[in-house]
1. Exposure proxy check: 365, 238 ranked by fewest other beta carbons within 10 Å?
2. So, R0 is 35 Å and r is the distance between the beta-carbons of residue 161 and residue 53; what FRET efficiency does that work out to, to 0.05?
3. Given the alpha-carbon gyration tensor of segment 188-310, what are the semi-axes of its equivalent ellipsoid in whole angstrom, ordered largest first, with each equal to the square root of 5 times an eigenvalue?
4. What ranking do 300, 22 get, fewest neighbouring Cβ atoms within 10 angstrom at the top?
5. Any chance you could run the full-extension gain for residue 132 through residue 313? It's 0.36 nm times the residue separation minus the Cα-Cα distance, nm to one decimal.
6. Rank 100, 295, 164 by mean-square fluctuation in a GNM of the chain with C-alpha springs under 10 angstrom and give only the top-ranked residue.
7. Give me the one-decimal nm value for the distance between modelled label points at residue 60 and residue 125, 7 Å along each residue's Cα-to-Cβ direction.
8. Using Cα centres only, tell me the gap between segment 366-380 and segment 214-251 in whole Å.
């Protein structure tokens, strides 16, 4: 069968690779794709992932059986709705269901209505009222911009001044999006991917751990993710079971009760608190960079998985017993302003260990940076320590000018 992947980042690079391993796949198309996907797929970089009509036309023309949507923006724009209407099977929720990610207020209201464990919160559309609330509550406190923010619209403010600065930054003139202010939860965070179809849920057997802050020691601003590893061996199956039983399954059931029909990945960002597992956030797609490490460890045929979820059939996901760790190399200045066009050399010997997030191929082993998060450099091994050593050894082989790129040196430290 012919399949189509929507998106052009590292997560979509991993999806293309996973689909290329399926015995059912004849040809893969990627919109817009990236240069590193050419090994596996025909890329259509003249179409953006938000160009709904051209994507639907391409899917019909190329006789696409399955479309897998990677990023959140086309989900929020209703791409799944349009593809479904054209008779194409789509893995990714429709516009109304994608509100679980696109609207933090929507997600919080669902959780509060159905008693799903999460932080206490208030939503504000007025800067003065929000500032007064922060002064009443004190710090630490969490400030979240409603709507899509590519993982960067969150401030974990450890002081009242930080919280007030974050509020001023998030209340952008001319925007009507609410800002959500949450209770600060203390504990260890983890990411759980669950494949959902209505009330049917198929959780991954292993969890990943992302590293959101820009710099070592979990310092600096929040980012889209600076690295990830899996499995997280010190977070046991009892925690996964609790997260599914108390959070994921009730949320899937709640969506059905609300007249919604969720089909796709329900990504749970969770935290283990003294009062049990609680929800930090939901995303309506695979996490990035978690997808890259998890999908590399997935041994099940990905098309078989999609068909099982589509048909709500019992299925046992198979994962390698290896560990996988990835380190994001980012443009200096990310997640704020950064330059593009910096030359990067990736030796051919480690190309398969690198997932392209923001690189443009120039010639041979030479690339130019074209984004904030440039690449995820991975390593694999029998243990997490082996995987970590392999990943950092690979980062050392990548050549770039001076301090044009930066990365964290402590990815996976908590799990080693």
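1. Details: 365 16, 238 9.
Exposure proxy ranking, most exposed first: 238, 365.
2. Efficiency, from the Cβ-Cβ distance: 0.15.
3. Working: eigenvalues 112, 61, 38 Å².
Listed largest to smallest, the semi-axes of segment 188-310 are 24, 17, 14 Å.
4. Details: 300 16, 22 19.
Fewest-to-most Cβ neighbours within 10 Å comes out as 300, 22.
5. Details: separation 181, 0.36 × 181 = 65.16 nm, distance 5.08 nm.
Gain in length upon complete extension: 60.1 nm.
6. Fluctuation is largest for 164.
7. Computed distance between label sites residue 60 and residue 125 equals 3.8 nm.
8. For segment 366-380 versus segment 214-251, the Cα centre distance is 23 Å.
Bear in mind these aren't lab numbers, they're just calculated from the coordinates by the rules spelled out. Here the structure is a predicted model, which means the values were calculated and not measured. Positions of Cβ are backbone-derived with ideal geometry, glycine not excepted, and every protein chain shown enters the neighbour counts.
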